[in-house]
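Before any comments, here is the structure.
Nothing in this text is a laboratory measurement; each read-out follows from the coordinates by a stated rule. All values derive from a computational prediction rather than experimental measurement. FYI the Cβ positions are ideal-geometry reconstructions off the backbone, even for glycines, and counts take in every protein chain you see.
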Amino acid sequence: MKDIAEKAGVSTALVSYVLNGKEKESRVGEEMAKKIKIIARELNYQPNHVAKSLRSGKTHTIGLIIADISNPFFANIARVVEDEAKRSGYTVIIGSCDENADKSWDLLNVLINRQVDGFIIVSSESSEKQVLYLKEKNIPFVLLDRHFPDIQTDFVATNNYKASYDATIHLIEGGYEQIGLLAYKSDMYHMKERIRGYQHALRDRGIAFEPEWLKEIRFEYLEKEVKAALDAIVSSEQKLDALVFATYGLAINGLKYLNELRLRVPSDLAIVSFGQAEGFDLYYCPITFMKQPLELLGKTAVEFLIGKIKNPDEGMKQILMEAKLVARESSMTRSRVELTK
């Protein structure tokens, strides 16, 4: 800064104002501000962020812990969070816990030691203690996509009950009655809500739920258990005519195996899935899906967190956003399916 000030013929304080974006506050002329910025580029000026954070007590970094980076939904959420944070002057450090609470703990500790200003977290199962720890230490955080109803926290999530209810109603109104659900075997609230929405949609339309219609898959045995579930569905005397996949990962594995079984969508089995990704466009039959407001979820999480960082006493914010059904060929009405046979 001293070198820039000497070359520009001004004080170091004036240079500091300009390089910190405060030229208007200090009433620096537009031409002088431009001159200082040009000289800074010529001299390859780089701010000392460590010194800056020591002075302010802030690092302007956010820790983002997501459940599974291989899932396009979370990868895209990470991109939105990163872009939105950058617009507000924050850098995002991203870690994926692979749906593992121990790995989530490790990431949390690493990022706390990096002195991030706050966290955006897509929680994994059995990570309640981590959330309580952050609350106890007064570290700002916002839960994204998943939350714990028994712990009062800031969160931004999809209305999973309504989304699952709407997906099932869509199939019922298309003439399907024996509708199954492939979900994860999990105590996480969002998954329980997807199961509840599915069951309530059947009940509200007078369809008796059969326990064998619900198949719960363990994440660590995803491929193996999806195959076993679909084998059971196909061999059942009361064969299903439609299936809801509760996540994108379940859908991709399920669709691959349906191909191996030579089952056609939707003539043998109508499909609706959660999540949106290019994979659904590449399948021979475009897949109907519940489109979650991915961009709005990410942007709102960043907005909530930065608000808490700047004002720790700000009130708690909780919001549920609606998913939208994108109807495509995989769930066309039974009458249309019959015409295409």
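Counting alpha carbon pairs within less than 8 Å and at least 6 residues apart, what relative contact order, in whole percent, applies to the chain?
Values: 559 pairs, mean separation 57.7, N = 341.
Relative contact order comes out at 17 percent.
What spacing in nm lies between the two simple spin-label points modelled at ASP83 and LEU43, each 7 Å away from Cα in the Cβ direction?
Result: 3.6 nm between the two label points.
Work out the FRET efficiency for LYS291 and LYS58 from their Cβ-Cβ distance, taking R0 = 41 Å, and round it to the nearest 0.05. Could the numbers behind the result be given before it?
Working: r = 36 Å, r/R0 = 0.88.
The value I calculate is 0.70.
Please report, in Å, the Rg and the Dmax of region 193-282, where both are computed over Cα atoms only.
Calculated on Cα positions, Rg and Dmax stand at 13.1, 35 Å.
List the lysines whose Cα lies under 20 Å from the Cα of LYS291, skipping any in the same chain that are fewer than 8 positions away.
Within the straight-line limit of under 20 Å, LYS291 reaches these lysines: LYS162, LYS192, LYS299, LYS324.
What nm value, rounded to one decimal, do you get for the distance between ARG336 and MET321 when each label is placed 7 Å out toward the C-beta?
2.8
Quick one: TYR221, TYR90, TYR189, fewest Cβ neighbours within 10 Å first, how do they rank?
Working: TYR221 11, TYR90 22, TYR189 17.
So the residues, fewest neighbours to most, are TYR221, TYR189, TYR90.
Give the residues of region 309-339 whose amide nitrogen is closer than 16 Å to a point set 7 Å from the Cα of SER267 in the direction of its Cβ.
It comes to 329-339, nothing else.
Any lysines with Cα under 16 Å of the LYS34 Cα? List them, leaving off those in the same chain fewer than 8 positions away.
Answer for LYS34, where 16 Å is the Cα cut-off: LYS7, LYS22, LYS24, listed by chain and number.
When the chain is treated as a GNM, springs tying every alpha-carbon pair under 10 Å, which of VAL110, VAL122, VAL131 comes out with the largest mean-square fluctuation?
Fluctuation is largest for VAL110.
In region 182-211, which residues have a backbone nitrogen under 14 Å from the label point lying 7 Å from ALA101's Cα in the Cα-to-Cβ direction?
Output list for this probe position: 186-189.
Which one of SER164, LEU297, SER127 has its Cα pushed farthest toward the positive end of the charge dipole of the chain, where Lys and Arg give +1 and Asp and Glu give -1 at the Cβ?
LEU297
If the limit is 22 Å between Cα atoms, which of LYS58/LYS103; LYS135/LYS308; LYS103/LYS185; LYS129/LYS227 go over it?
Violating the 22 Å limit, Cα to Cα: LYS58/LYS103; LYS129/LYS227.
Quick one: LEU258, LEU305, fewest Cβ neighbours within 10 Å first, how do they rank? Don't jump to the answer; show the numbers that get you there.
Details: LEU258 21, LEU305 28.
Ordered from fewest to most neighbouring Cβ atoms within 10 Å, LEU258, LEU305 come out as LEU258, LEU305.
Of all DSSP beta bridges located in the chain, what percent are antiparallel, nearest 5? It would help to have the intermediate numbers written out before the result.
Values: 3 of 37 bridges.
Once the DSSP bridges in the chain are tallied, antiparallel ones form about 10 percent.
How long are the semi-axes of the ellipsoid equivalent to the chain, from square roots of 5 times the Cα gyration tensor eigenvalues, in whole Å, largest first? Please report the intermediate quantities before stating the final value.
Details: eigenvalues 493, 91, 57 Å².
Each semi-axis is the square root of five times an eigenvalue, giving 50, 21, 17 Å.
Only Cα pairs within less than 10 Å get springs; with that Gaussian network setup on the chain, which residue of ASN109, ASN71, ASN160 has the largest fluctuation?
Maximum fluctuation in the GNM of the chain, among the listed residues, is at ASN109.
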